[in-house]
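Asker: Here's a structure for you.
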Amino acid sequence: MSARRGLDVSVLRIYLFLGFETGFGRGQNMGTKDKPDISALTPAQAAAELESLARQLSVANEAYHTLDAPQIDDATYDALKSRNALLEKMFPDLKRPDSPSEQVGAPVNETFGKVTHAVRMMSLANAFEDDDISEFDERVRKYLGLPSDAALSFTAEPKIDGLSLTLRYEDGQLTQAATRGDGEVGEDVTANAKTITDVPSYLAGMDGIVEVRGEVYMAHSDFAALNARQTSENRKPFANPRNAAAGSLRQLDPAITQSRPLRFFAYSWGELTTPLADTQFGAIVRLSELGFSTNPLTKRCSSPAELIAHYRSIEQQRATLGYDIDGVVYKLDDLPLQTRMGFRSTTPRWAIAHKFPAEKAWTRLESIEIQVGRTGALSPVARLTPVTVGGVVVSNATLHNEDYIAGKDSKGSEIRSGKDIREGDWVQIYRAGDVIPKVADVDVAKRDESALPFEFPTHCPDCGSDALREPGDAVRRCSGGMICPAQAMERLKHFVGRGAFDIEGLGARQIEQFYVDDHLPIHEPSQIFTLGRRDAGNLTKLANREGYGAKSAENLFTGIEARRHIPMRRLLFGLGIRHVGEAAARLIARHYGNWSAFVAAMDLAALEPAFQETATSKEVLTKSPAFAELLAIDGVGAVMATSLVAAFAQGNERTLIDRLCSELTIEDEAAVDESQSPVAGKTVVFTGTLEKLTRAEAKARAEALGAKVSGSVSAKTNILVAGPGAGSKAKKAAELGIETLDEDGWLELIGG
Ligand code: IVH
């Protein structure tokens with residue numbers, strides 16, 4: 001589960017109270033200095049210590065390798081490892097399956113370099129039903145303005161269940177290989193990729209840049225042999241071929257990667273000096289000619305029916321392919337049309353992954369736990385007897401909300417034929433879209449007679465505040481705000497996260513640590529920026545504490561100082577206000593330009609009686625000028641606007657925001673670089689019929705050039721693009737003296 005929420009706080013507290021070693025610090029001994037002599041230990045004590053060591057070393061490894069934020073110094077790390085090895089030697093029967101000594105690893109002073117992808121590595125939108133495919137075809141046609149009977153081809157190919165890799169060739173030479181990472185920045189795995197036989201190290205006759213992308217995977221037979229080897233060498237076997245492939249590619253020692261049988265299918269590309277072909281199918285053929293392995297089941301199809309027929313055929317062959325696939329990917333064949341369609345924030349508009357139905361498995365629901373999220377949402381989570389679903393061990397599943405548990409959907413209609421879910425029930429689990437496991441069904445016949453319906457709490461399990469449900473909201477929320485430790489902690493984690501303050505050396509783990517720290521507590525964002533001053537005034541310095549050293553403490557303070565200057569949009573996103581995502585924060589920041597103008601506008605909007613009386617009716621709200629201005633920002637709806645204004649109007653919340661801002665220098669939203677595009681920063685309205693572009697395409701292209709597209713003409717409009725049939729908007733624009741262009745004039749302005 002990615003949602004490790006409120007309960008963690010209490011678990012953490014119990015650990016601290018009992019004096020367990022959590023690896024989270026506060027006077028806990030991360031080293032081994034005070035440990036008893038091993039010969040004096042009982043087996044139970046040894047087992048407990050081995051468990052604690054496994055946990056500490058795993059935390060330390062993750063902090064070092066994954067989070068890039070080491071928590072302990074090398075000497076402490078080595079001491080923990082030696083103690084673990086010694087204990088294992090003295091108590092061989094107690095050696096754990098996840099023994100730290102079995103982690104093939106990397107010397108701790110090495111790590112992968114980072115690679116910023118020249119062209120972002122995208123993900124794919126998912127489809128599950130046949131109807132979704134016809135809808136995809138319709139969407140593509142609509143976007144491109146093609147009639148339903150116009151010829152339109154797509155390719156269909158297996159979706160390989162591995163991990164994506166990008167290979168950069170310069171003048172034919174393989175110069176760099178990188179994992180996807182977050183899509184923008186991946187890890188440099190060049191030396192490892194060079195050991196994969198399917199990866200050519202030279203491309204004949206290819207001058208300039210050629211970036212080839214595809215999937216690294218492990219064949220079933222190779223996986224079985226590798227796991228047999230692991231077991232015979234007393235090493236932990238891999239859970240599935242995907243994990244084995246990922247673990248093998250991300251080895252710091254390329255010799256280990258080389259010893260693992262990895263394969264690669266090429267299916268896509270990034271930066272190219274010269275296009276590979278003018279169709280997707282042609283590009284795959286070209287990649288194959290260049291020496292890449294391409295999937296033999298790739299087919300060009302000319303209708304949704306043909307795509308689905310190929311999907312069925314691949315589904316039938318799935319078990320005998322010899323490698324894992326989890327669906328079929330459809331891509332628009334014509335590459336110039338792909339370019340016209342472009343991308344949403346993380347997925348192309350011209351492709352879709354048609355996933356195979358999720359695998360299901362029955363298990364027992366041991367308990368229902370309530371987690372409290374950043375916005376106070378009480379999320380019920382099923383704790384399950386672990387069960388393997390589609391090759392992955394599942395021990396938690398989401399139960400969404402109280403209606404879902406009771407067997408109702410958001411409109412009150414029955415789900416699961418109205419069967420509710422109770423603790424102790426037998427439940428069928430599936431992994432939808434291979435993400436968070438869900439409950440598909442309940443076996444009421446197996447229910448214990450004494451099982452009672454689940455009573456959803458009406459108070460926050462973490463802080464005891466009332467947990468309220470607003471009309472129309474399926475979710476019950478804790479009303480405690482920042483006084484609720486679970487909410488406060490989640491909000492702090494969001495605050496320091498990517499896209500927000502993104503503070504070097506201060507991640508989720510450190511937030512958990514500082515939240516419960518007596519000497520240097522962080523309970524609200526402003527306290528991050530007083531950390532250095534408070535540490536200076538403390539007798540026990542952070543630099544002298546377990547898990548920190550002079551260097552790491554200094555790095556942390558430097559990381560914090562680096563973010564004291566913060567762009568307005570990051571601050572706004574970092575506040576974690578409900579419904580205000582990263583894109584919206586940017587739009588709002590761009591609109592108001594600077595923080596004080598924005599806050600003044602929020603204050604005005606809150607003062608309007610219209611806002612206080614009605615929170616949901618857009619019609620009434622628009623009578624309030626400050627509110628109307630907020631609402632007029634394209635991308636800001638009534639729900640978001642209400643949430644934003646309410647956050648600034650709420651006393652406690654506002655105090656926290658103001659306290660934080662007094663620590664910061666908030667950068668005005670940088671003016672868009674107009675030299676880059678003639679319409680950057682301009683507000684454009686499209687009206688009437690467009691003949692060369694569809695509306696969706698016109699909007700997407702304008703936005704890609706940095707323009708803001710609005711639905712209505714106001715004094716803020718810079719350009720009106722009016723096609724035939726333009727009515728009141730054209731009239732209003734003329735009255736306001738706004739530049740009006742026809743479609744050709746617009747295309748000329750933006751360069752065709
Ligand atoms: S195309 C812009 N084709 O699936 C094009 N992806 O869920 C993006 N994947 O990140 C990818 N097989 O790692 C594409 N035949 C295939 C694929 C494929 C597997 C993976 C890829 C991607 C993920 C998205």
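Asker: Considering the options VAL115, ILE429, SER465, tell which one lies farthest towards the positive end of the dipole of the chain, charges being +1 on Lys and Arg and -1 on Asp and Glu at the Cβ, about the Cα centre.
Answerer: Projecting each Cα onto the dipole axis, the largest value belongs to SER465.
Asker: Once you've got the Cα coordinates, tell me which of LYS331/LYS411; LYS95/LYS360; LYS493/LYS716; LYS81/LYS551 are over 30 Å apart. If you can, show how the numbers build up before the last one.
Answerer: On the way: LYS331/LYS411 36 Å; LYS95/LYS360 33 Å; LYS493/LYS716 37 Å; LYS81/LYS551 22 Å.
LYS331/LYS411; LYS95/LYS360; LYS493/LYS716, as the Cα separations exceed 30 Å there.
Asker: With both partners inside the chain, how many of the DSSP beta bridges are antiparallel, as a percent to the nearest 5?
Answerer: Numbers: 73 of 89 bridges.
Expressed as a percentage, antiparallel bridges in the chain total about 80.
Asker: Could I ask something else about it? Once the cut-off is 21 Å, how many percent of the Cα-Cα pairs in the stretch 415-559 end up in the long-distance tail? Please report the intermediate quantities before stating the final value.
Answerer: Details: 6540 of 10440 pairs.
Every Cα pair in the stretch 415-559 considered, those over 21 Å come to 63 percent.
Asker: For each cysteine in the chain, check whether another cysteine's C-beta sits under 4.7 Å from its C-beta; list those where none does.
Answerer: CYS301, CYS661, each lacking another Cys Cβ under 4.7 Å.
Asker: In nm², what is the average projected area of the convex hull enclosing the Cα atoms of the stretch 489-617? Provide the component values of the computation, followed by the final result.
Answerer: Values: hull surface 37.5 nm².
Quarter of the Cα hull surface area: 9.4 nm².
Asker: At 0.36 nm per residue, minus the direct Cα-Cα distance, what do SER662 and ARG695 gain on full extension? Give it in nm, one decimal, please. List each step's numbers first, then the result.
Answerer: Details: separation 33, 0.36 × 33 = 11.88 nm, distance 4.40 nm.
Stretched out fully, the SER662 to ARG695 stretch lengthens by 7.5 nm.
Asker: Taking only protein heavy atoms and a 1.4 Å probe, what accessible area per residue, in Å², does the stretch 249-314 have with all protein chains in place?
Answerer: Working: 2900 Å² over 66 residues.
Per-residue accessible area for the stretch 249-314 comes out at 44 Å².
Asker: Please report, in debye to the nearest 20, how large the charge dipole of the chain is about its Cα centre when each Lys and Arg carries +1 at its beta carbon and each Asp and Glu carries -1 there.
Answerer: On the way: 85 positive and 103 negative charges, 79 e Å.
Using Cβ point charges on Lys, Arg, Asp and Glu, the chain gives about 380 debye.
Asker: Could you point to the residue in GLN371, SER313, THR294 farthest towards the positive end of the stretch 278-415's charge dipole, with +1 and -1 charges on the Cβ of Lys/Arg and Asp/Glu respectively?
Answerer: Result: THR294.
Asker: Separate question: Quantify, in whole percent, the carbon and sulfur part of the accessible surface of the chain (1.4 Å probe; protein heavy atoms only). Could the numbers behind the result be given before it?
Answerer: On the way: 17790 of 34830 Å².
Ligands and nucleic acids excluded, carbon and sulfur give 51 percent.
Asker: Give me the base-10 log of I(q)/I(0) for the stretch 192-290 at each q in 0.11, 0.24 Å⁻¹, Debye formula, one uniform scatterer per Cα, rounded to two decimals.
Answerer: -0.41, -1.23
Asker: Working only with C-alpha atoms, what are the Rg and Dmax values of the stretch 114-193, expressed in angstrom?
Answerer: 17.5, 50
Asker: Using a/c under 1.5 as the rounded threshold, could you call the stretch 117-245 rounded, prolate or oblate? The axes a ≥ b ≥ c are square roots of the C-alpha gyration tensor eigenvalues, and prolate needs a/b larger than b/c, oblate otherwise. Let's see the in-between values first.
Answerer: Details: a/c = 2.57, a/b = 1.41, b/c = 1.82.
Oblate.
Asker: Just to confirm, what accessible area per residue do you get for the stretch 470-568 at 1.4 Å probe, in whole Å²? Each step should come with its number before you reach the end.
Answerer: Details: 4070 Å² over 99 residues.
Result: 41 Å² per residue.
Asker: Once the Cα atoms of the stretch 329-391 are picked out, what are the Rg and Dmax in Å?
Answerer: My reading of the Cα-based Rg and Dmax gives 19.8, 54 Å.
Asker: Helix-only estimate, please: 222 nm mean residue ellipticity of the chain, summing -39500 (n - 2.57) across DSSP H runs of length 4 or more and dividing by its residues, to the nearest 500. Don't jump to the answer; show the numbers that get you there.
Answerer: Working: 27 runs with 267 residues, N = 752.
The per-residue figure over the chain is -10500 deg cm²/dmol.
Asker: So what's the Cα pair-distance distribution over the stretch 252-384, bin width 5 Å, in %?
Answerer: 2, 7, 12, 14, 14, 12, 11, 10, 9, 6, 2, 0
Asker: Let me ask something else about it. Once you charge only the Cβ atoms, +1 for Lys and Arg and -1 for Asp and Glu, what is the size of the charge dipole of the stretch 85-193 about its Cα centre, to the nearest 20 debye?
Answerer: Details: 11 positive and 21 negative charges, 89 e Å.
In debye, rounded to 20, the stretch 85-193 gives about 420.
Asker: For the stretch 186-249, just the Cα atoms, rotate onto the principal axes and tell me the three extents in Å, largest first.
Answerer: 47, 23, 17
Asker: Divide, for the stretch 232-282, the radius of gyration over alpha carbons by 2.2 N^0.38 Å, where N is the residue count. All intermediate terms of the calculation are to be shown ahead of the outcome.
Answerer: Values: Rg = 16.6 Å, N = 51, 2.2 N^0.38 = 9.8 Å.
Cα Rg divided by the expected 2.2 N^0.38 Å: 1.70.
Asker: Moving on. Let me make sure I get this right: for the stretch 530-595, a, b and c are the square roots of the gyration tensor eigenvalues over alpha carbons, sorted descending. Under 1.5 in a/c it's rounded, otherwise prolate if a/b > b/c, else oblate. Which is it? Before the final figure, lay out the partial values.
Answerer: Working: a/c = 3.36, a/b = 2.93, b/c = 1.15.
Since a/c reaches 1.5 and a/b is larger than b/c, the shape of the stretch 530-595 is classed as prolate.
Asker: What net charge is computed for the residues neighbouring ARG263, neighbours being all others with C-beta under 10 Å from the C-beta of ARG263, Lys and Arg scored +1, Asp and Glu -1? Provide the component values of the computation, followed by the final result.
Answerer: Values: positive: none; negative: ASP198, GLU215, ASP222.
Overall, the nearby charge balance is -3.
Asker: With only alpha-carbon atoms in the gyration tensor, what are the semi-axes of the equivalent ellipsoid for the stretch 147-191, in Å, largest first?
Answerer: 32, 15, 11
Asker: Follow-up. Considering the stretch 422-487, what Rg and Dmax in Å follow from its alpha-carbon atoms?
Answerer: 15.9, 44
Asker: Apply 1/(1 + (r/R0)^6) to the Cβ-Cβ distance of THR339 and ARG229, taking R0 = 41 Å, and write down the FRET efficiency to the nearest 0.05.
Answerer: 0.35
Asker: Next question. Between ASN538 and LYS95, what FRET efficiency comes out of the Förster formula 1/(1 + (r/R0)^6) with R0 = 45 Å and r the beta carbon distance, rounded to 0.05? Please list the in-between numbers first.
Answerer: Numbers: r = 41 Å, r/R0 = 0.92.
Working from the Cβ atoms, E equals 0.65.
Asker: What percent of all Cα-Cα pairs in the chain falls into each 20 Å bin, going from 0 up to the bin containing the maximum distance?
Answerer: 13, 42, 39, 6, 0
Asker: Give, in whole angstrom and from largest to smallest, the semi-axes √(5λ) of the equivalent ellipsoid of the stretch 385-494, with λ running over the eigenvalues of the Cα gyration tensor.
Answerer: Working: eigenvalues 143, 73, 40 Å².
Taking √(5λ) for each Cα gyration eigenvalue gives 27, 19, 14 Å.
Asker: Taking θ as phi - 60°, what are the ³J(HN,Hα) couplings along the stretch 236-241 by the Karplus curve (6.51, -1.76, 1.60), each to the nearest whole Hz, with x for Gly and Pro?
Answerer: Rounded to whole hertz, the list is 6, x, 7, 5, 7, x.
Asker: Run the numbers on the chain and let me know its relative contact order in percent, using alpha-carbon pairs under 8 Å that are six or more apart.
Answerer: Details: 1338 pairs, mean separation 77.4, N = 752.
Relative contact order here is 10 percent.
Asker: Any idea of the accessible area per residue across the stretch 688-752, 1.4 Å probe, to the nearest Å²? Walk me through the numbers before you get to the answer.
Answerer: On the way: 3390 Å² over 65 residues.
With the other protein chains kept in place, the stretch 688-752 gives 52 Å² per residue.
The values are calculated or read from the model by the stated rules, or taken from the named source; none is laboratory data. Note that the structure is predicted; figures quoted are calculated from it, not measured. Please note: Cβ atoms are built from the backbone with ideal geometry, for glycine as well, and neighbour counts cover all protein chains shown. Ligands, DNA and RNA are excluded from the accessible area calculation, which covers all protein heavy atoms including side chains. Shrake-Rupley method; radii C 1.70, N 1.55, O 1.52, S 1.80 Å.
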